[in-house]
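Colleague: Starting off with a structure, shown below.
The values are calculated or read from the model by the stated rules, or taken from the named source; none is laboratory data. Fair warning: this is a prediction, and the values are worked out from it, not measured in the lab. FYI the Cβ positions are ideal-geometry reconstructions off the backbone, even for glycines, and counts take in every protein chain you see. To get the accessible areas, we keep the full protein, side chains included, count just its heavy atoms, and leave off ligands, DNA and RNA. Shrake-Rupley method; radii C 1.70, N 1.55, O 1.52, S 1.80 Å.
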Amino acid sequence: MRTARTRRVLTAAMAVIACMSLTLVAFAAGGEAPASNLYGTFWALVPPVVAIVLALITKEAYSSLFIGILVGALFQSNFAPVDTLDTIINNGMIDAIAGSAGIFLFLVLLGIIVALINASGGSAAFGRWAEKNIKSRVGAMLATFVLGVLIFVDDYFNCLTVGSVMLPITDRNKVSRAKLAYLIDATAAPICMIAPISSWAAAVSGVAADLNTGISGIELFIRAIPYNFYSLLTFVFVIGMAVMNMDYGPMKLHEMNAQLKGEVGGLATENKSEENPKGRVADLVLPVIVLIIFCILGMIYVGGFWGDSAGDFIAAFSNTDAYVALPWGGLVALVIAVAYLVARRVLTFKQAMECVPKGFIAMVPPITILTLAVSLKTMTNMLGADVFVYNVMQSASQGLFNLLPAVIFIVACLLAFASGTSWGTFGILIPIVVAIFDPSSPLLIIGISACLAGAVCGDHCSPISDTTIMASAGAQCDHVTHVSTQLPYAVTVACVSFVSFIIAGFVQNAVICLVIGAILMIATLFVIRSVTGKQNP
């Protein structure tokens, strides 16, 4: 009944949008599409908000994202039907596919590697090993957390690799796929944002390099790490929640189903592990290790470690392009994995090649969602969301100066949530923060940290974030389920981080503020547990 009513509401909404486009066609200029009349206004953030709200209400991502794209294209074209269609196709989807081709290729390559590992029996063998050595849910969750922290080079790589390795372990220990997706997401962007050797550090350094701060980009990034409360407190939250064996919000239902009914909630399209009697733990571990090694080599190679940045590891990371480097490493790892499994006679060459379409099919849902999400981001950028945010920040800077880091954190959260991109968010906000604060003031570092922390937080919460989509794919979890279950957790950490930034604006001591933040985070967990129930059944 409720589903039917929701469909009727959506149909009516689409009909209204169509009528508006036809009614306002007279206002569209002929020939070349005019600049949007809504450029640089609050309306630039409306399309992603529409998509996000619809996704959370309907629990369906594809149509929700498309309606958001449609609204953005209507705004951009001033409601001219022909220009709207052209904007959706050319500026939206075609550009999204072309710009994301590298990560699409990496997704497919990783999907094929996972299919190979499943077919070889490596996943099943690893699951049997884990059953003997990891004997509790807490152990499985903490092992997932530790592996996520260790793979700090890139968030995409982190999400998909951790998911592939830990999925059989969490399944056997009755950890829901929704919880696995959260654990993956909580150790993807947050760890990359505090790791000096990562694609994220390179991106931040690149943005800050040309600004007149008197500090190099990488030094600014490193000095901002102790104040990155959201990333650091997320780790405190994850460890505390796992040790206390507690859940709340929508996640609690999924965890109860996993523990009481054995229903982990995986996607119907997932590849089941085949019980190949020849499979060994090494058939999973070695391909993953090879993948890690060659993805790192790919990053420094693309960054010019053996070229323009000869011998300079940090410079190579600063100059790298993950969209090129990850497919580079993925392809080499795939070839080695096929050669290894065929040489060991675990699989025939024909069986190995049968895994190619299986891996591609498994990655169709995340590729589709990613295409729509990137298209929606394009609409937001075309409508001048950065201009609107710049004006808001300039107005806010005239007020209470010591509270500005907390304000920056909230603005960065909202912008990253609406746009679905951390990199785009700190790319917009870092130059504004530098312009607001004196380069010699400690508030500059705290402000940069607030910008980076808010970007990670908004990215963590957003249904249209690349990292959120990758975490869903890595855990083989329904995307909207992942978003709705992790949102209360991310908001909890965000609230404690906001208070920590208020304190930091006045105290301006990283150690004191971080200790206070950690105490507040643990105290919050105890309060939540006392309110929602001491532990899961």
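Colleague: Label points 7 Å out from Cα along the Cβ direction at Ile239 and Met353: separation in nm?
Modeller: So the label points at Ile239 and Met353 sit 5.0 nm apart.
Colleague: Ranked from the most accessible area to the least, with a 1.4 Å probe and all protein chains present, what is the order of Ser375, Ser440?
Modeller: Ser440, Ser375
Colleague: Additional query: With r as the distance between the Cβ atoms of Phe401 and Val499 and R0 = 25 Å, compute the FRET efficiency 1/(1 + (r/R0)^6) and round to 0.05.
Modeller: 0.85
Colleague: Hey, can you find the accessible area per residue of the stretch 61-131 for me, probe 1.4 Å, expressed in square angstrom?
Modeller: 30 Å²
Colleague: On a C-alpha basis, how far is the centre of the stretch 342-365 from the centre of the stretch 156-175 in Å? Whole number, if you could?
Modeller: Comparing the Cα centres of the stretch 342-365 and the stretch 156-175, I get a distance of 20 Å.
Colleague: With a/c under 1.5 counting as rounded, go ahead and sort the stretch 481-537 into rounded, prolate or oblate using the C-alpha gyration tensor (a ≥ b ≥ c being the square roots of the eigenvalues; past the cut-off, prolate if a/b is larger than b/c, else oblate).
Modeller: Here the stretch 481-537 falls in the oblate category.
Colleague: Same structure, new question: Measure off, as a whole percent, the carbon and sulfur share of the 1.4 Å-probe accessible area of the stretch 334-480, all protein chains present.
Modeller: Carbon and sulfur: 69 percent of the exposed surface of the stretch 334-480.
Colleague: How far apart, in nm, are two points set 7 Å out from the Cα along the Cα-to-Cβ line at Arg223 and at Val531?
Modeller: Going by the 7 Å Cα→Cβ label model, 3.9 nm.
Colleague: Beyond a 21 Å Cα-Cα separation, which of these cross-linked pairs lie in this structure: Lys132/Lys358; Lys132/Lys174; Lys59/Lys179; Lys59/Lys174; Lys132/Lys278; Lys135/Lys261?
Modeller: The pairs that break the limit, which is 21 Å between Cα atoms, are Lys132/Lys358; Lys59/Lys174.
Colleague: Which whole-Hz ³J(HN,Hα) couplings does the stretch 405-416 yield from phi under the Karplus relation 6.51 cos²θ - 1.76 cosθ + 1.60, θ = phi - 60°, glycine and proline marked x?
Modeller: Ordered by residue, 3J(HN,Hα) equals x, 5, 5, 4, 4, 5, 4, 5, 4, 5, 5, 5 Hz.
Colleague: I've got another one for you. Can you send over the solvent-accessible area of Asp438, 1.4 Å probe, protein chains only, in Å² to the nearest 10?
Modeller: Using a 1.4 Å probe on the heavy atoms, I get roughly 90 Å².
Colleague: Now, a different point. How high is the FRET efficiency from Met256 to Tyr62, r the C-beta distance, R0 30 Å, rounded to 0.05?
Modeller: That pair, Met256 with Tyr62, gives E of 0.60.
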